[in-house]
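Colleague: Just passing along the structure, written as structure tokens.
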Amino acid sequence: MAQDPDPETRAELSAILDGVGTNDPEAVAALRSRFGSRLGFGTAGLRGEVAAGPNRMNRVLVSQAAAGLAAYLLERAAPGVRPSVVIGYDGRRKSDVFARDTAEIMAGAGVRAVLLPRLLPTPLVAYAVRDLGVSAGVMVTASHNPPRDNGYKVYLGGDDEGSQIVPPADADIAAHIERVAREDDVLELPRSGDYEVADEALVERYVEATAGVATSAPGERGPLRVVYTAMHGVGWETLSRVLVRAGFEEPVLVEEQIAPDSAFPTVVFPNPEEVGALDLAYAYAREARADLILANDPDADRLGVAIPDRAAPSGFRRLTGNEVGQLLGWRAAERAAGAGVTDGMLSCSIVSSPGLRAVAEEYGLGFVEALTGFKWISRVPSLVFGYEEALGYLVNPGTVRDKDGISAAVAVLDLASTLAAEGRTLADRLDDFVERFGAYGSSQISLRVTDLSRIRELMAELRATPPTELGDFPVVSMDDLAAAAGDAPTTDALRFDLGDARVMVRPSGTEPKLKVYVDAWSTEGDLLARKTAVAEALLRLEADLRARIS
């Protein structure tokens, strides 16, 4: 409390201490929750609730993180070379304050600091690291987390080419942060207002590059009624400029969700994947008789897509991340073939559908199944396209080495509008995929817990006594990805091979959840037979798995 520059969090701690003094059990529990541990810095950076204490996101913790990252950059800089960092922020609570603290502390430490001119999407930081040639990037965001959260994401330049940090950089940065927390007073850290503010030309270069994702000319596109929501985030201001540059008409906007709002008043959980998050968009789409819904998450690094579906209660169906990933992967493979690319790579995370592998094999491209997180996908050599099932897509690796919901929106619009010119839809294209590559279905089961030990117990039980059968499928093999051979990166995940199906189990990296990913596929029979076989397999597997982890 003595070193906290924020009067709001100082007052919060003071009130808690007053309660502890009167033996208020809620105050005691609050103090333990905030000070019983420290918010860890890892490959996802920092992420947590905005509140007082070392186990929360606040100005003390962010200042320590900035000073630790500055020390890391200075340590690894070549002799006589001044390291540099670009800093961005979104519209979440205190994002702008955390970003300015970072800029001042970086400048005070001797690092060249460049602050983005206003709140902007996360992909702008990933782009700016490469465009400006800086040593690192910091984005203050909690992406699609609940409204109370914020976070701190780090990218590295140079040989890392603007990708998110991976081991051992995360541990090295964490060690510097812990030293600062142990030895320094935040109020005594050198600060300087001598940081730069990036000019509008940087944003314009990103807009120009991203508009180039659309390879069709306006005259080659059919009419398309589109509804768009920014989910109370920062996506629309940038996306609108990209759409104008690429020659697309402005979509119908979900007005209540189009401007940044840290309170997220119309959604409980601002994530297009969550039940209810797209309800307002569905209402607008019914009114507009829309052909397509596009939804960015609050920092616009993810993209949700929905299409008309008469069988759905809302009249629309949100496509899964795997469905969109397969469509965009096919699009990328076609363009690579048209350009004569023979050494390109397609990549998806280990928990994403195997359908992308089938596309790569058909087009003679390489395929890499990467660990979860775009920090791994973005590092695949000769990458043409990459995705993860959690609505993250990398369609322009020459521009951004991270998932990008803005460029993905352009790619989906480009595909949907060229199909519309032929009198066809994304639903038709999905059927084309099944007929050409096979039916690939996926589902996900999440167990949210309040006690993280429950997740550790379940993973230990599965390792100790792995099932021999799941959903009437015999388990062919189990791979423990926490025990990879040699120097290969590891992750806490189990993969069960079931022949024509697969189950992946892993703890979430950003939320208190155990996640189970279920995939099934079929290449036998006609379109209906393939779809039916996959749907039935998923139902059996889901029922079995829910019973096991409940």
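The values are calculated or read from the model by the stated rules, or taken from the named source; none is laboratory data. Everything numeric here is computed off the predicted structure, so don't read it as measured data. Positions of Cβ are generated from backbone atoms using ideal geometry, with glycine treated the same way; all protein chains shown enter the neighbour counts. Ligands, DNA and RNA are stripped out before the accessible areas are found, and what is left, the full protein with its side chains, is counted by its heavy atoms. Shrake-Rupley method; radii C 1.70, N 1.55, O 1.52, S 1.80 Å.
Colleague: Could you list, in sequence order, all residues of region 215-231 that are among the β-branched types (Val, Ile, Thr) and either within 21 Å of the chain's Cα centre (by Cα) or open to solvent by 80 Å² or more (accessible area, probe 1.4 Å) (or both)?
Modeller: Scanning region 215-231 gives Thr215, Thr229.
Colleague: Would you mind stating whether Ala358 is over 21 Å from the mean Cα position of the chain (by Cα), crowded, with 24+ Cβ neighbours inside 10 Å, at pLDDT 95 or above and under 23 Å from Arg424 (Cβ atoms)? It would help to see each step written out before you state the result.
Modeller: Values: over 21 Å from the mean Cα position of the chain (by Cα): yes; crowded, with 24+ Cβ neighbours inside 10 Å: no; at pLDDT 95 or above: yes; under 23 Å from Arg424 (Cβ atoms): yes.
For Ala358, the condition - over 21 Å from the mean Cα position of the chain (by Cα), crowded, with 24+ Cβ neighbours inside 10 Å, at pLDDT 95 or above and under 23 Å from Arg424 (Cβ atoms) - is not met.
Colleague: Is it true that Arg331 is charged (D, E, K, R), more than 17 Å from the chain's Cα centre (by Cα), assigned to a loop (DSSP other than H, G, I, E, B) and closer than 25 Å to Thr229 by Cβ? So that I can check it myself, show each step before the final result.
Modeller: Numbers: charged (D, E, K, R): yes; more than 17 Å from the chain's Cα centre (by Cα): yes; assigned to a loop (DSSP other than H, G, I, E, B): no; closer than 25 Å to Thr229 by Cβ: yes.
Criteria not met by Arg331.
Colleague: Within the group Ser417, Ser407, which residue is over 18 Å from the mean Cα position of the chain (by Cα) and either part of a strand (DSSP E or B) or closer than 21 Å to Tyr228 by Cα (or both)? Break it down into steps so the answer makes sense when it comes.
Modeller: Working: Ser407 fails: over 18 Å from the mean Cα position of the chain (by Cα).
Testing whether each residue is over 18 Å from the mean Cα position of the chain (by Cα) and either part of a strand (DSSP E or B) or closer than 21 Å to Tyr228 by Cα (or both) leaves just Ser417.
Colleague: Here's another thing I want to ask about it. Just for region 3-18: of the residues that are over 10 Å from Val60 (Cα atoms) and in contact (Cβ under 8 Å) with a residue 24 or more places away in the chain, which one is surrounded by the most Cβ atoms within 10 Å (Cβ to Cβ)?
Modeller: Ile16
Colleague: Restricting to region 391-414, name every residue that is open to solvent by 20 Å² or more (accessible area, probe 1.4 Å) and not β-branched (Val, Ile, Thr).
Modeller: Passing the criteria: Gly398, Arg401.
Colleague: Answer yes or no as to whether Arg59 is open to solvent by 60 Å² or more (accessible area, probe 1.4 Å) and at pLDDT 95 or above.
Modeller: On the way: open to solvent by 60 Å² or more (accessible area, probe 1.4 Å): no; at pLDDT 95 or above: yes.
For Arg59, the condition - open to solvent by 60 Å² or more (accessible area, probe 1.4 Å) and at pLDDT 95 or above - is not met.
Colleague: Among the residues of region 134-145, how many are open to solvent by less than 10 Å² (accessible area, probe 1.4 Å) and in a loop (DSSP other than H, G, I, E, B)?
Modeller: 5
Colleague: Now a separate question. Could you list all residues from region 23-49 that are in a loop (DSSP other than H, G, I, E, B), in contact (Cβ under 8 Å) with a residue 24 or more places away in the chain and closer than 15 Å to Val62 by Cα?
Modeller: Across region 23-49, the qualifying residues are Arg38, Gly40, Phe41, Ala44.
Per-residue answers, yes or no, for (1) among the polar types (S, T, N, Q); (2) assigned to a loop (DSSP other than H, G, I, E, B); (3) touching a residue at least 40 places away in the same chain (Cβ under 8 Å); (4) buried (at least 19 other Cβ atoms within 10 Å of the Cβ):
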{"position": "Gly193", "(1), (2), (3), (4)": "no, yes, yes, no"}
{"position": "Val203", "(1), (2), (3), (4)": "no, no, yes, yes"}
{"position": "Thr210", "(1), (2), (3), (4)": "yes, no, yes, yes"}
{"position": "Val213", "(1), (2), (3), (4)": "no, yes, yes, yes"}
{"position": "Gly233", "(1), (2), (3), (4)": "no, yes, yes, yes"}
{"position": "Thr238", "(1), (2), (3), (4)": "yes, no, yes, yes"}
{"position": "Arg245", "(1), (2), (3), (4)": "no, no, no, no"}
{"position": "Phe248", "(1), (2), (3), (4)": "no, yes, yes, yes"}
{"position": "Glu256", "(1), (2), (3), (4)": "no, no, no, no"}
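Colleague: Something else now. For region 146-165, which residues satisfy the criterion of being more than 19 Å from Pro83 (Cβ to Cβ) and either part of a helix (DSSP H, G or I) or out of contact with any Gly (no Cβ under 7 Å at 6 or more places or on another chain) (or both)? Outline the logic, then answer.
Modeller: Of the residues in region 146-165, the ones more than 19 Å from Pro83 (Cβ to Cβ) are 146-151.
Result: Pro146, Pro147, Arg148, Asn150.
Colleague: Another question, then. How many residues, within region 117-133, are assigned to a loop (DSSP other than H, G, I, E, B) and either at pLDDT below 95 or surrounded by fewer than 24 Cβ atoms within 10 Å (Cβ to Cβ) (or both)? It would help to see each step written out before you state the result.
Modeller: Of the residues in region 117-133, the ones assigned to a loop (DSSP other than H, G, I, E, B) are 117-121, 133.
Restricting the remaining residues to those that are either at pLDDT below 95 or surrounded by fewer than 24 Cβ atoms within 10 Å (Cβ to Cβ) (or both) gives 117-119, 133.
Count: 4.
Colleague: Kindly evaluate Arg429 against the criterion of being open to solvent by 10 Å² or more (accessible area, probe 1.4 Å), closer than 26 Å to Thr532 by Cβ, part of a helix (DSSP H, G or I) and not hydrophobic (A, V, I, L, M, F, W, C).
Modeller: yes
Colleague: Just checking: which of the strands (runs of 3 or more DSSP E) contained wholly in region 437-516 hold 1 or more residues that are among the polar types (S, T, N, Q), under 27 Å from Gly45 (Cβ atoms) and open to solvent by 60 Å² or more (accessible area, probe 1.4 Å)?
Modeller: Working: elements: 439-448, 477-480, 494-497, 501-507.
The qualifying strands (runs of 3 or more DSSP E) are 439-448.
Colleague: Let me confirm something: among Glu334, Glu369, which residue is among the charged types (D, E, K, R) and within 20 Å of Ser163 (Cβ to Cβ)?
Modeller: Only one candidate qualifies: Glu369.
Colleague: Please pick out the residue among Ala99, Ala103, Ala107, Ala71 that is in contact with a His (Cβ under 6 Å, 6 or more places away or on another chain), among the hydrophobic types (A, V, I, L, M, F, W, C), within 22 Å of Val186 (Cβ to Cβ) and modelled with pLDDT of 95 or more.
Modeller: None of the others qualify; the one that does is Ala71.
Colleague: Something else about it: Quick one: Tyr282 ticks every box in (1) at pLDDT 95 or above; (2) open to solvent by 60 Å² or more (accessible area, probe 1.4 Å) except a single one, so which number is it?
Modeller: Unmet for Tyr282, out of (1) at pLDDT 95 or above; (2) open to solvent by 60 Å² or more (accessible area, probe 1.4 Å): (2).
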